[in-house]
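Undergrad: This is the structure, below, for whatever I ask next.
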Amino acid sequence: MPTTGLAQDHRFQYHDTGPGHPERSERLERLDSALQEAGLIERCAPINVIEVDPGLVQEVHEFDYIDRVRLSCQQGMPFIDTPDSAISPDSYRIALLAVGAVIDATNQVMTGQIDNALCLVRPPGHHAERAVSMGFCLFNNVAVAAHHLIRQFRLQRVAILDWDVHHGNGTQHAFDADPRVLYISVHGHPRAVYPGTGYETEVGVGPGEGFTLNCPMKPASDDADYHNVFQDQIIPALDKFAPEFVIVSAGFDAHKLDPLAPLELETESFGWMTEMVLDVARRHSEGRVVSVLEGGYHLDALAASTCLHLERLLEA
Ligand SMILES: [Zn+2]
């Protein structure tokens with residue numbers, strides 16, 4: 001009987017970004033009620049949400065940065081590095097919980113306790129750079145997990161597919177010289193959408209050249225445009241790489257209702273994108289997929305898209 005793990009924890013609300021911030025605790029509250037209403041939670045196996053050892057985070061972030069996050073929270077600073085990255089006294093601990101959940105999910109998938117998993121965590125991670133916070137992100141959850149898979153489980157080919165509408169600059173930079181990690185991002189075009197990186201010409205450096213694929217999408221790109229890019233570029237690149245593990249940076253902010261970006265995906269788009277990823281995983285990685293929440297700021301669109309994503313993971 002295939003199983004899907006689900007990471008959820010009420011403590012994620014203690015990362016308090018203050019009034020008016022789009023990356024707010026209501027996102028996970030709405031997700032929780034939507035998943036409950038759809039009867040999805042009881043169909044999933046629980047993922048342990050425990051603080052990761054900061055030593056593991058040091059694979060991706062400089063010690064000084066990790067400590068700066070800790071101290072800034074402790075001192076009650078309102079944000080770190082940029083007003084976008086709002087923090088509260090508990091944010092350091094909560095960010096460690098987010099990474100810890102993703103690590104437990106990868107462990108459970110690797111040891112065969114579950115087939116795949118969805119981690120509903122905050123703060124998100126894909127903009128977090130080695131020594132600087134960006135775009136609501138403190139620690140790069142998926143990058144730490146990819147390092148863990150290489151270090152702990154000796155994997156040689158980990159794929160990260162990032163379909164958040166914003167380019168995952170932090171994740172790309174964590175692995176741009178590393179051929180063991182294929183980073184693929186489909187996102188709003190850098191000329192129109194934050195953070196202004198993710199051009200097609202960014203393909204990796206040195207030994208990592210050819211292991212970064214950026215698919216920038218023009219404003220108003222819709223389901224059909226995404227379908228073409230998946231069929232023509234993303235799936236062939238994944239098949240060529242033949243990943244042993246697939247991580248999804250699952251942002252739901254390319255949805256047409258999302259207020260943060262001018263793209264036009266439907267809720268159903270996230271269903272077929274999930275199916276395509278699962279097909280890749282079936283072909284190459286024994287179905288191993290861990291999906292990690294990034295953005296998604298229209299609460300109803302986020303809830304509906306995430307429910308569909310999880311249903312597809314459960315059907316895998
Ligand atoms: Zn985003």
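The values are calculated or read from the model by the stated rules, or taken from the named source; none is laboratory data. Remember, predicted model here, so these are calculated numbers, not experimental data. Because the Cβ atoms are built from the backbone with ideal geometry, glycine has one as well, and the counts that use them run over all protein chains shown. With ligands, DNA and RNA removed, areas are computed over all heavy atoms of the protein, side chains included. Shrake-Rupley method; radii C 1.70, N 1.55, O 1.52, S 1.80 Å.
Undergrad: Would you mind telling me which numbered condition in (1) open to solvent by 10 Å² or more (accessible area, probe 1.4 Å); (2) assigned to a helix (DSSP H, G or I); (3) within 16 Å of the ligand (Cβ to nearest atom) residue 143 fails?
TA: All conditions pass for residue 143, except number (1).
Undergrad: Away from the ligand (no atom under 16 Å from the Cβ), farther than 26 Å from residue 301 by Cα and surrounded by 17 or more Cβ atoms within 10 Å (Cβ to Cβ) - does that describe any residue in the range 244-254?
TA: yes
Undergrad: Same structure, new question: Give the number of residues within the range 7-17 that are open to solvent by less than 10 Å² (accessible area, probe 1.4 Å) and touching a strand residue (DSSP E or B) at 6+ places or on another chain (Cβ under 7 Å).
TA: 1
Undergrad: Given (1) acidic (Asp, Glu); (2) over 21 Å from the mean Cα position of the chain (by Cα); (3) in a loop (DSSP other than H, G, I, E, B), where does residue 59 come up short, assuming only one miss?
TA: It fails just one condition, (2).
Undergrad: Which of the following residues is at pLDDT 95 or above and over 25 Å from residue 8 (Cα atoms): 159, 174?
TA: 174
Undergrad: Against the condition surrounded by 12 or more Cβ atoms within 10 Å (Cβ to Cβ) and closer than 22 Å to residue 280 by Cβ, how does residue 239 come out, does it pass?
TA: yes
Undergrad: Out of all the residues in the range 18-28, is one or more out of contact with any strand residue (DSSP E or B) (no Cβ under 9 Å at 6 or more places or on another chain), within 23 Å of residue 315 (Cα to Cα) and modelled with pLDDT of 95 or more?
TA: Looking for residues that are out of contact with any strand residue (DSSP E or B) (no Cβ under 9 Å at 6 or more places or on another chain), within 23 Å of residue 315 (Cα to Cα) and modelled with pLDDT of 95 or more, one finds none in the range 18-28, hence no.
Undergrad: Taking the criterion of being more than 15 Å from the ligand (Cβ to nearest atom), aromatic (Phe, Trp, Tyr) and open to solvent by 10 Å² or more (accessible area, probe 1.4 Å), would at least one residue in the range 130-140 satisfy it?
TA: no
Undergrad: A further question follows. I'm trying to understand the selection: among the residues of the range 93-118, which are out of contact with any Lys or Arg (no Cβ under 8 Å at 6 or more places or on another chain) and either hydroxyl-bearing (Ser, Thr, Tyr) or within 16 Å of the ligand (Cβ to nearest atom) (or both)?
TA: Residues satisfying the conditions are 106, 111.
Undergrad: If you don't mind, there's one more thing I want to ask. Could you list all residues from the range 261-292 that are closer than 17 Å to residue 160 by Cα, within 16 Å of the ligand (Cβ to nearest atom) and touching a Phe, Trp or Tyr at 6+ places or on another chain (Cβ under 8 Å)?
TA: If the condition is that a residue be closer than 17 Å to residue 160 by Cα, within 16 Å of the ligand (Cβ to nearest atom) and touching a Phe, Trp or Tyr at 6+ places or on another chain (Cβ under 8 Å), then 270, 273 are the ones that fit.
Undergrad: Next up: Of all residues in the range 293-309 being small (Gly, Ala, Ser) and under 15 Å from the mean Cα position of the chain (by Cα), which is farthest from the ligand (Cβ to nearest atom)?
TA: Per the criteria, the residue is 305.
Undergrad: What about residue 259, is it out of contact with any Asp or Glu (no Cβ under 7 Å at 6 or more places or on another chain), touching a residue at least 24 places away in the same chain (Cβ under 8 Å) and of a type outside the set (D, E, K, R)?
TA: yes
Undergrad: Now a separate question. Being open to solvent by 90 Å² or more (accessible area, probe 1.4 Å) and of a type in the set (A, V, I, L, M, F, W, C) is the filter; apply it to the range 42-78 and report the residue that is farthest from residue 174 (Cα to Cα).
TA: 50
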